[in-house]
Amino acid sequence: MVALARKTLIYEWRRFLPAILAVGFAGLLQLLQAALVLGIFGSASVYITGSSADLWAGYPGTQSVNLGRSIDNGVEMRLRMDPAVTAVEPFHWVDADWRGPNDTGGVSVFVSGINTRADGMLFAHALPPSLRQRLNEPDAVIVDRADLDSLGVSVGDSAVINGHRVRVVGVSNGLRALGGVNVVASLTTAAELDTDPTNANRMTYFVARLRHPANAREVAERLRGNHAFGSYDVWTARDFARRSQLYWIFDTGAGAGVLFLAGIVFLVGAVITSQTLVAAVIGSVREYATLNALGVGVGALRKVVMEQAFWVGALGLVGSTVMGAIALAFARSRSVPVALGPGVALVCIMLSMALAIVSGLAAMRSLRRADPATLLR
Amino acid sequence: MNQPSPHTIPPVSLQARHVSKSFSSGPIHHTVLHDLTLDIRAGELTLISGPSGCGKSTLLAILSGLQRPDQGQVVALGEDLTLLNTRALERFRLLHTGFVFQGFNLFPALNALEQVELPLSYLGLPPGDARRRAIASLEEVGLGPRMGLRPSELSGGEKQRVAIARALAKEPGLLFADEPTSALDAANGQIIIDILHRIARTHGTTVLCVSHDPRLVGHADRVLAMEDGRILSDRVSSPISTPTSGIEEPSA
């Protein structure tokens, strides 16, 4: 079989280049916007992804980690009783109001009260042991480097949270929050900052470490059935992180924005690609008509066009994968929040291939002009 | 052995029976072929000549199954083409007909061998057979040494020979040529005519050629002169191979 589609693609590559670029850039745009959205909204779950806990126990139906309500302290006992659990730790979340030493007005902050031991689970990936150690000083807090300006402080300064004086003892990296500012404190400090009297003997979350993290899903299933300590629910860290991210993506309308933009990118890419493929078909229409005169069926000619569309898609995707990898590496090096999993990347790639296929179908229509009778005039 | 003897009359392989065709553009109705009846024989190079617009290309399109007549019947190799649907007609053309056009219509990306192999691969031939046939066909038109070249590296005459080889490799019973020499100089035109003539003689192929090129007239076994959609004269001439001179006879 003579590889007409491929040989034409190689020989007349200039003709096909716009289509390859259109598919490539469409793929690149899809990949980058997905990575950006996932990166930005991924920080909604930094409390979970930055910690080493396998299970999270919290108020039933909590849609996002920042929306937690307090649960009974007895849940800690319930978790500890399970033989699969090796450690349990409380997480005290306080929505608070910050007043800095400089004129920054009130800033809404999220105080995370955590276990400061070196083997603590919360923010195990985000805070080194030396930094955690400093939280043991009375009224000590840590803020993120990126938030120093908006809080109007530097390390060593004092500020007021919920009317209580605190002191900034260090800065963290990668603890930026969505819709506010993260402040990390010890459990003791956080309890002092919590002005809600109903939270006595209650805690926002309890997190647990498992002997076999791979069994997290089964253990969570087992633990959530019990109501002996009031209502609470148990999720695996992965599920809870995912739920928090999805809440932010859809609650803020960013999800709809992404879908809308993806549609526009798809449309523009398809227009350019199909026009290029149509031009390529018309450029060879006399040759196609000759083949048809010689008895090669229209179906076989359509297959040639679709094969070209496939190769245009495949080459475009190689381009967008390479460019996307470079762009993401660059973004990471500049601490732009980007995150892209294999599943989402696959969806972007399939969308671009669908773009090429749709364009091929559109170009196939122009094969109607390949009427051999027109060659005789 | 398989060459038809000059004295036996070769069989009729292509027939048109009361064929009419007209085109209309807007209010203007133009009849291109007027109730035309015609027999064309195998093993001969038949030339339809006439001025532009006389309907000769339309006649070729109808006789070759590329177009349907408004009225009448076309019987090719014993099959009534007017009864076949589009798919069956494509199949008939794949198995039995070859085409050579004025423009050579070669794919720029393919070399001469691939141009010839391409239609063969759709015939369902094993790749080895397709290649052997393509090579034999290119050698027959004298392009054996140049079969690795692309159209951009070939002269006009060579391109037309590739187009002939492409049509010939299918071993068709019917070979149609539309103005095959019009784009070529005298020497190359001569080569093309000789090849077409030889194909008719050695393969027993029905070669039907449409042209207003006067150089072709002396080389055809039979010349049909057309004007205004009718055949004016039908002259059988074999100036080299047979001693009998051409017979002038009016058309039906």
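If you fit an axis through the alpha-carbon atoms of helix A:298-333 and take the longest principal axis of the Cα set of chain A, what angle between them do you get, 0 to 90°, nearest 10?
For A:298-333 against chain A, the angle is about 30 degrees.
Determine the dipole magnitude for segment A:12-120: charges of +1 sit on the beta-carbon of Lys and Arg, -1 on that of Asp and Glu, nothing else is charged, the reference point is the Cα centre, and the result goes in debye to the nearest 20.
The calculated dipole for segment A:12-120 is roughly 400 debye.
Taking +1 at the Cβ of each Lys and Arg and -1 at the Cβ of each Asp and Glu, which of A:Gly105, B:Ile28, B:Pro145 sits farthest along the dipole of the protein assembly as shown towards its positive end, judged by Cα position relative to the Cα centre?
Toward the positive end, the furthest listed residue is B:Pro145.
Rounded to a whole number of µm²/s, how large is the Stokes-Einstein D of segment A:186-257 at 10 °C and 1.306 mPa s, given Rh as the Kirkwood radius over C-alpha pairs?
For the chosen part, D equals 105 µm²/s.
How large is the helix-only mean residue ellipticity at 222 nm for chain A, computed as the sum of -39500 (n - 2.57) over DSSP H runs with n ≥ 4, divided by its residue count, in deg cm²/dmol to the nearest 500?
Value at 222 nm, helices only, nearest 500: -16000 deg cm²/dmol.
Which loop-located trypsin sites (Lys or Arg not before Pro) does segment A:200-278 contain, where loop means any DSSP state but H, G, I, E or B and the Cβ has at most 15 other Cβ atoms within 10 Å?
In loop regions of segment A:200-278 (DSSP not H, G, I, E or B), the sparsely surrounded trypsin sites (Lys or Arg not before Pro) are A:Arg211, A:Arg224.
Hey, which lysines would be in cross-link range of B:Lys56, C-alpha to C-alpha under 19 Å, not counting anything within fewer than 8 residues on its own chain?
List returned: B:Lys21.
Once you charge only the Cβ atoms, +1 for Lys and Arg and -1 for Asp and Glu, what is the size of the charge dipole of the protein assembly as shown about its Cα centre, to the nearest 20 debye?
So the dipole magnitude of the protein assembly as shown works out to roughly 640 debye.
In the protein assembly as shown, with Lys and Arg counted as +1 and Asp and Glu as -1 at Cβ, which of these residues, B:His212, B:Ala42, A:Ser158, has the Cα nearest the positive end of the dipole, that is, farthest along it?
Checked the options; the winner is B:Ala42.
At 20 °C and a viscosity of 1.002 mPa s, what translational diffusion coefficient does Stokes-Einstein give for chain B, taking Rh as the Kirkwood radius over Cα pairs? Give it in µm²/s as a whole number.
Diffusion coefficient, whole number: 115 µm²/s.
Relative to the first principal axis of the alpha-carbon coordinates of chain B, what is the inclination of helix B:156-168, with its axis defined by its Cα atoms, in degrees from 0 to 90 and to the nearest 10?
That helix lies at roughly 80 degrees to the long axis.
Where the eigenvalues come from the Cα gyration tensor of segment A:50-251, what are the semi-axes √(5λ) of the equivalent ellipsoid, largest first, in whole Å?
In descending order the semi-axes read 29, 17, 16 Å.
Express the Stokes-Einstein translational diffusion coefficient of segment A:231-358 in µm² s⁻¹, to the nearest whole number, given a Kirkwood radius over alpha-carbon pairs, 4 °C and a viscosity of 1.567 mPa s.
71
Excluding residues fewer than 8 places away in the same chain, name every one of the lysines whose C-alpha is closer than 26 Å to that of A:Lys7.
Filter leaves A:Lys303, B:Lys159, B:Lys170.
Hey, what number do you get for chain B at 222 nm if only DSSP H runs of n ≥ 4 count, each worth -39500 (n - 2.57), divided across all residues, to the nearest 500?
Helix-only estimate at 222 nm: -9500 deg cm²/dmol.
Search the structure for amide H atoms under 5 Å from the amide H of B:Leu175, placed 1.01 Å from N in the peptide plane, and list their residues when 5 or more places away or on another chain.
B:Gly98, B:Thr206, B:Val207, B:Leu208
Would you kindly give the portion of the calculated P(r) for segment B:61-142 that falls above 14 Å, as a percent of all Cα pairs?
69
How large is log10 of I(q)/I(0) for segment B:83-196 at q = 0.15, 0.17, 0.20, 0.23 Å⁻¹ when the intensity is taken from the Debye formula with one equal scatterer per alpha-carbon?
Each listed q maps to, in turn, -0.61, -0.78, -1.05, -1.32.
Taking the Cα atoms of the protein assembly as shown, report the difference between the largest and smallest coordinate on each principal axis, in whole Å and largest first.
Result for the protein assembly as shown: principal-axis Cα extents of 126, 54, 48 Å.
Read-outs: derived from the displayed coordinates by stated rules, not from any lab. Please read all numbers here as calculations on a predicted model, not as lab measurements. When we count neighbours, we look across all protein chains shown, and the Cβ atoms used for this are built from the backbone with ideal geometry, even at glycine.
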